[in-house]
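Read through the structure below, which is laid out as structure tokens, and then see the notes.
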Amino acid sequence: MQIAIASGKGGTGKTSLAVSLFLANRDRSRLLDCDVEEPNCHLFLATRFVSRTSVEKRIPLLNPDLCKHCGKCVEACQFNALAEAGKAGILVFEELCHSCGGCTFVCPTGALHETPLKMGAITRALVAGKAELITGALAIGHTETPSLIRAVKKTRPDPEVAFTLIDAPPGTACAFAAAVEHTDFVLLVAEETPFGLHDLKLAIKALQKMEIPFAVVLNRMRPGFSSVLEFCKEKNYPLWLQIPESRAIAETYARGGTLLDAMPELEESLRLLLDQCAEAILCNPRN
Amino acid sequence: MQPQELVIISGKGGTGKTSIAAAFADYFPNKVLADGDVDAADLFLVLQVTETQIAEFQSGHIAEIDPDKCRQCGKCAALCRFDAIVTSESGYQVDARACEGCKVCVNACPHHAIEWKEAFCGLWKESRTAQGTLFHASLYPGAENSGKLVSFLRDKARKKAMDEGIPLILVDGPPGIGCPVIASITGAARILVVTEPTPSGYHDLERVLALAKHFQIPTHILINKADLETSYLKKMEDCAAKSGATVIGQIPYSPLFSEAQQKGQSILKAFPTSPEAETLRTIATILKQKMDESEAEGQK
Ligand code: SF4
Ligand code: SF4
Ligand code: SF4
Ligand code: SF4
């Protein structure tokens, strides 16, 4: 079962929850850090490095002797990754290239062929003996966030491991969509502020459009404020866990600790939370 | 006169970037505002906005197969690198969500059966606020291309500033280091990174500074919630020095930011006499000086 931990905006405590949920259930889950622009799960876990593989994209390489300066490749490229450069033939802006292969396909003289370029890496590490953490990290200056996320999600789990937890990137755009697509369930972490409520609504809209079931985890509850709580009640959205705003949690986090370090009593609730997800998935009429 | 553009980014989300942008919006007198965090566009929640213009934003194109013309040869599916062409009982179809808009299939289809349709990724808006004109957007859920939309909003803001002789553009940038962030900083005069003293804050700061250096933009760092863990200050200063950036100030962990947010105001408006507001005004003054200096230098 694939369960993504996501939030409409960053900084809601999503990673801290994902890591804590993973630790509390490490006997039966693995964690994929799909926040590939800012992969942070490993910072909160004592990991043992296992392996690292490069993720490549293909970019066109010009053979200037064969180029007839016809400009067909430049015209074909939809991403402004090619420009005509006089005698030198054409220029490739490799960071803008989406590896669609269009230029190589249209070139009438065979002056272009594709060559690999590293755009990120996937690291495999072990936590507490055998629980697996897979981290995707985008190389600086590259923009293929969704493709790298899909590559991380393609890594195979050990068949004995029941749950794949996914730390999704913040927001509701293409990166978020790539992380949550084809998952069975999403836990949406929201914070009790006006920004938090606004971004939660966007995330819910996105999930409803993709027809993925979800539940809300409410973070940073402050006495006297309950707009997110009331919103969930009114709409009948499942709210499965509530975590108070506390300077102690913030300080623990600053020292590299997780939610679970600050509130060890949460361990039981976090095991239950995953059971609840499993139950919802198995009872989903879609399955 | 060229307007100067100050972009506020954060690497990691939730460091208080938008709250700081809102405070600066109240501090600087004459500016145009752009919310480049199109994926979580929250700036408008703390400014009283009146929308004066609203339109769909065309992000690019997507392919669509005309079933009447398609002869089921499968060439498009074989060439599409994004698994966006799927087969069903009714034949070949484009999965609009997966289509990257590369046009390879359109050019390749031997029967000209694939249409090239405009794709829209969200709405862009121009709004009037007490703090100046705001350009912002709302992305359709799961939409692609927020980078293009960010560039578009910045262009709009720049044009407005040029037309009206406004000297400053203030951009609330997106989190991360990917395509929207790159689109929000290329060609900017100055970057302010709002970070926090946490392992993630520090880790992301390193990545974001590398990006700023890559594009050679003068960069300052503001440490929010600085008193949560003071051991980061030295590390962040070192990391800044390595990439030619400077730590410009620190703000303590404070509930006043969310309380101001709750009131729909910036901290400068909601709690003008608080020490937090005082510190932010000092930081803004220093930033202003730096920008004036580099402008004077540019004119020499
Ligand atoms: S592979 Fe596609 S995106 Fe890359 S340069 Fe060629 S046409 Fe452009
Ligand atoms: S399509 Fe081929 S021959 Fe034409 S300009 Fe491009 S590389 Fe040169
Ligand atoms: S290439 Fe054209 S004709 Fe062939 S399957 Fe695709 S759309 Fe149909
Ligand atoms: S435009 Fe490109 S991504 Fe879209 S369906 Fe055609 S080949 Fe695939």
Checklist entry - Just one of A:LEU82, A:LEU32 is at pLDDT 90 or above and in the same structural domain as A:VAL180 (by TED's automatic domain parsing); which is it? => result A:LEU32
Item to check | Among the residues listed as B:ARG207, B:ARG190, the single one being among the charged types (D, E, K, R) and facing chain A (nearest Cβ under 9 Å) | outcome: B:ARG207
Checklist outcome for this item: Filtering the range B:79-98 down to residues that are more than 10 Å from ligand 4 (Cβ to nearest atom) and within 12 Å of chain A (Cβ to nearest Cβ) yields B:ARG97
Checklist entry - Which one is farthest from B:GLY201 (Cα to Cα) among residues in the range A:264-283 that are open to solvent by 20 Å² or more (accessible area, probe 1.4 Å) and touching a strand residue (DSSP E or B) at 6+ places or on another chain (Cβ under 8 Å)? => result A:ALA280
Item to check | Which numbered condition B:TYR140 misses (of (1) in contact (Cβ under 8 Å) with a residue 60 or more places away in the chain; (2) open to solvent by 20 Å² or more (accessible area, probe 1.4 Å); (3) in contact with a Gly (Cβ under 8 Å, 6 or more places away or on another chain); (4) more than 16 Å from ligand 1 (Cβ to nearest atom)) | outcome: (1)
Item to check | B:THR198 vs. criteria polar (S, T, N, Q) and open to solvent by less than 10 Å² (accessible area, probe 1.4 Å) | outcome: yes
Checklist entry - Can A:THR172 be described as at the interface with another protein chain (Cβ under 7 Å from one of its Cβ atoms) and outside any helix (DSSP H, G or I)? => result yes
Checklist entry - Within the range A:107-123, how many residues are in contact with a Leu (Cβ under 9 Å, 6 or more places away or on another chain) and either within 16 Å of ligand 3 (Cβ to nearest atom) or farther than 23 Å from A:SER54 by Cβ (or both)? => result 4
Checklist entry - If only one of A:ALA18, A:ALA4 is outside any loop (DSSP other than H, G, I, E, B), under 23 Å from B:ALA84 (Cβ atoms) and in contact with a helix residue (DSSP H, G or I) (Cβ under 7 Å, 6 or more places away or on another chain), which one is it? => result A:ALA4
Checklist outcome for this item: Within the range A:240-252, residues within 14 Å of chain B (Cβ to nearest Cβ) and either of a type in the set (S, T, N, Q) or open to solvent by 40 Å² or more (accessible area, probe 1.4 Å) (or both) come out as A:PRO244, A:GLU245, A:SER246, A:ARG247, A:ALA248, A:GLU251, A:THR252
Next on the checklist: Looking for something touching a Pro at 6+ places or on another chain (Cβ under 8 Å) and either within 26 Å of B:THR15 (Cβ to Cβ) or not basic (Lys, Arg) (or both) - is there at least one such residue anywhere in the range A:262-283?
Outcome noted: yes
Checklist entry - So which residues in the range B:68-106 are in contact (Cβ under 8 Å) with a residue 24 or more places away in the chain and within 16 Å of ligand 2 (Cβ to nearest atom), if there are any at all? => result B:LYS103, B:VAL104
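Let's see how each residue does on (1) modelled with pLDDT of 90 or more; (2) within 16 Å of ligand 1 (Cβ to nearest atom); (3) farther than 30 Å from B:LYS117 by Cα:
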{"site": "A:GLY71", "(1), (2), (3)": "yes, yes, no"}
{"site": "A:GLY102", "(1), (2), (3)": "yes, yes, no"}
{"site": "A:GLY136", "(1), (2), (3)": "yes, no, yes"}
{"site": "A:THR143", "(1), (2), (3)": "no, yes, no"}
{"site": "A:THR155", "(1), (2), (3)": "yes, no, yes"}
Checklist outcome for this item: Note on the range B:65-86: residues more than 16 Å from ligand 1 (Cβ to nearest atom), open to solvent by 60 Å² or more (accessible area, probe 1.4 Å) and touching a Gly at 6+ places or on another chain (Cβ under 8 Å) are B:PRO67, B:GLN72
Checklist entry - Only one of A:LEU200, A:LEU207 is surrounded by 15 or more Cβ atoms within 10 Å (Cβ to Cβ) and touching a Cys at 6+ places or on another chain (Cβ under 9 Å); which? => result A:LEU200
Item to check | Boolean, B:HIS61 is over 30 Å from A:GLY8 (Cα atoms), open to solvent by 20 Å² or more (accessible area, probe 1.4 Å) and away from ligand 2 (no atom under 16 Å from the Cβ) | outcome: no
Checklist outcome for this item: Across (1) hydroxyl-bearing (Ser, Thr, Tyr); (2) within 14 Å of the chain's Cα centre (by Cα); (3) within 12 Å of another protein chain (Cβ to nearest Cβ), B:THR230 clears everything bar (2)
Checklist entry - Is the range B:23-43 home to any residue that is more than 19 Å from A:ALA173 (Cβ to Cβ), within 13 Å of another protein chain (Cβ to nearest Cβ) and either of a type outside the set (D, E, K, R) or out of contact with any helix residue (DSSP H, G or I) (no Cβ under 9 Å at 6 or more places or on another chain) (or both)? => result no
Item to check | Residue identified as among the acidic types (Asp, Glu) and more than 32 Å from the chain's Cα centre (by Cα) among A:ASP27, A:ASP65, A:ASP35 | outcome: A:ASP65
Next on the checklist: For the range A:42-74, which positions are away from ligand 2 (no atom under 16 Å from the Cβ), in a strand (DSSP E or B) and among the aliphatic types (A, V, I, L, M)?
Outcome noted: A:VAL50, A:VAL55
Item to check | Pair list, Cβ under 9 Å, 6 or more apart: the range B:107-124 residue at positive phi, other residue within 14 Å of ligand 3 (Cβ to nearest atom) | outcome: B:HIS112/B:ASP66; B:HIS112/B:LYS69; B:HIS112/B:VAL106
Next on the checklist: Just to be sure before I move on: is B:GLY147 outside any helix (DSSP H, G or I) and either among the acidic types (Asp, Glu) or assigned by TED's automatic domain parsing to the domain that holds B:ASP35 (or both) in the structure I sent?
Outcome noted: no
Checklist outcome for this item: Reported set for the range B:147-182 where residues are out of contact with any strand residue (DSSP E or B) (no Cβ under 6 Å at 6 or more places or on another chain) and within 16 Å of B:GLY60 (Cα to Cα) is B:GLY147, B:VAL150, B:SER151, B:PHE152, B:CYS179, B:PRO180
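The values are calculated or read from the model by the stated rules, or taken from the named source; none is laboratory data. Treat the numbers as computed from the prediction; the structure is a model and nothing was measured. Note that each Cβ is placed from the backbone with ideal geometry, even for glycine, and that neighbours are counted across all protein chains shown. Surface areas here come from the heavy atoms of the whole protein model, side chains and all, with no ligands, DNA or RNA. Shrake-Rupley method; radii C 1.70, N 1.55, O 1.52, S 1.80 Å.
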